[in-house]
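**Q** Got a structure for you, questions after.
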Amino acid sequence: MRLWNFWINSFILASQYNPPRFVELLMLMLAIAMLAIATISPDRPYLVLGLSLVVGASISILVREAIAPSPQTRVTQFTALLLLLISLYGFADLLQTL
């Protein structure tokens, strides 16, 4: 029970310390889950939802870094752009198969 209490307190502290980064982390974790489900089952809604979450999180990261740069701005921006390009490629590939 102490382990669960530790994790819950860590999530609460993280959400209070930096809420935008916490929401981005939550969106990316949900995107990973949706994309994992999309690889197992051939349903398209999971793929679309996962790619949409990645697009939203990467745009949010780029906006946050433009407003308040962090010490590792270049790496964060590069990673967000890479995620955005990969997810847009996934959407293009998805539209091409329709």
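**Q** Which of the residues belonging to region 53-78 are among the β-branched types (Val, Ile, Thr) and either more than 17 Å from residue 23 (Cα to Cα) or open to solvent by 70 Å² or more (accessible area, probe 1.4 Å) (or both)?
**A** Listed by number, the residues that qualify are 59, 63, 67, 73, 75.
**Q** I've got another one for you. Suppose the filter is modelled with pLDDT of 95 or more and closer than 30 Å to residue 98 by Cβ; does residue 48 pass it?
**A** no
**Q** What is the residue count in region 3-36 for residues that are open to solvent by less than 90 Å² (accessible area, probe 1.4 Å), β-branched (Val, Ile, Thr) and modelled with pLDDT of 90 or more?
**A** 1
**Q** Please go through region 37-52 and pick out each residue that is over 14 Å from the mean Cα position of the chain (by Cα), buried (at least 18 other Cβ atoms within 10 Å of the Cβ) and among the small types (Gly, Ala, Ser).
**A** Result: 38, single match.
The values are calculated or read from the model by the stated rules, or taken from the named source; none is laboratory data. What you see is a predicted model, and the numbers here were worked out from it, not measured in a lab. Cβ sites come from the backbone with ideal geometry, for glycine too, and all protein chains shown count toward neighbours. Just so you know, the surface numbers come from the protein's heavy atoms only, side chains and all, with ligands and any DNA or RNA stripped out. Shrake-Rupley method; radii C 1.70, N 1.55, O 1.52, S 1.80 Å.
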